[in-house]
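Take a look at the structure below.
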Amino acid sequence: MTRSSIMIATLMDLLVIAMKKIITFFVPIFAAFILMGCETVKLGALEQLGFEKRDVLVSRIEKARDAQLEAKEQFENALQEFQSVVKFDGGELEKVYNRLNEEYETSKSAAEDVTKRIDSVEYVAEKLFDEWAEELNQYSNAELKRKSQAQLYETRRQYAGLISAMRKAERSIQPVLTVFNDQVLYLKHNLNARAIASLKDELSGIESNVANLIREMNLSIDEANRFIKDMEN
């Protein structure tokens, strides 16, 4: 290979590396802009149909709450599957792996839905509170403005507690997913009794993580129910 062809090959390699870095950096940004645009369009369409931001927010909180309920149930089912596997006393280990892998993938999908729903709640809440704050300047009656301002402050305070509980519950999911993934991968790579023994060793930690997840989910669901009730009243 000549010196010039080596230089060309090196430049091509550098170009490929540079393109990969550009894609890695910009694709998430573009994706975020697209999602933001979709949310803006959806919210605008709902308002055109007569739905106020307040109504949309309540609806999205209900959907986020329901997603958390479904996720909680899914992780409980997955834990039961992991618990049953440690009692394995013979049979095809590949079937065991397939069962656990299916539970892991379903749990991962449920977790992604929770995050998506919470993100949609945050988006509408920010739009609602911004609009509410701007519209305070339209009051000519000082007393009504004061009451509305106080109501905005209280609603924001309640919402802060809600979104904090939701995000905390969301964060409690990842440790469970991580250990699920580790055990499923280990079982995949070691379809033998050692893999089952490893799962037995880790089971107490899995149970503890799932218990924490369920506790945080329940707290978040309770916060959502309280917020919905206050908004409807």
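The values are calculated or read from the model by the stated rules, or taken from the named source; none is laboratory data. If you're wondering where the values come from, they're calculated on a predicted model, not measured in any experiment. A quick note on method: Cβ atoms are made from the backbone with ideal geometry, for glycine too, and the neighbour counts reach across all protein chains shown. Ligands, DNA and RNA are stripped out before the accessible areas are found, and what is left, the full protein with its side chains, is counted by its heavy atoms. Shrake-Rupley method; radii C 1.70, N 1.55, O 1.52, S 1.80 Å.
Things worth noting here:
- Heavy-atom accessible area for Lys200, with the other protein chains in place and a 1.4 Å probe, reaches approximately 110 Å².
- A straight line joining the Cα centroids of the stretch 44-122 and the stretch 160-214 runs 14 Å.
- Compared with the direct C-alpha span, the chain from Glu131 to Asp230 gains 33.7 nm at full extension, assuming 0.36 nm per residue.
- Ranked by the mean number of other Cβ atoms within 10 Å per residue, highest first, peptides 217-225, 203-211 order as 217-225, 203-211.
- As a length-normalised measure over Cα pairs under 8 Å and 6 or more apart, the relative contact order of the stretch 91-194 settles at 55 percent.
- Put Glu94, Glu39 in order of accessible area, highest first, and with a 1.4 Å probe you get Glu94, Glu39.
- With the simple spin-label model, which puts each label point 7 Å out from Cα in the Cβ direction, the Glu73 to Lys145 separation comes to 5.0 nm.
- Taking only Cα atoms of the stretch 138-233, radius of gyration then Dmax in Å: 22.4, 77
- Rounded accessible area of Tyr139 (nearest 10 Å², 1.4 Å probe): 90 Å²
- Protein-only accessible surface at a 1.4 angstrom probe places the residues Ile118, Ile163 in the order Ile163, Ile118, largest first.
- An ellipsoid equivalent to the stretch 53-183, defined through the eigenvalues of its Cα gyration tensor, has semi-axes of 46, 11, 10 Å when rounded to whole angstrom and sorted largest first.
- Ordering of 169-180, 146-157 by packing is 169-180, 146-157, highest average first (other Cβ atoms within 10 Å, averaged per residue).
- Efficiency of FRET from Cβ geometry, Asn218 and Glu52, R₀ 30 Å, rounded to 0.05: 0.50
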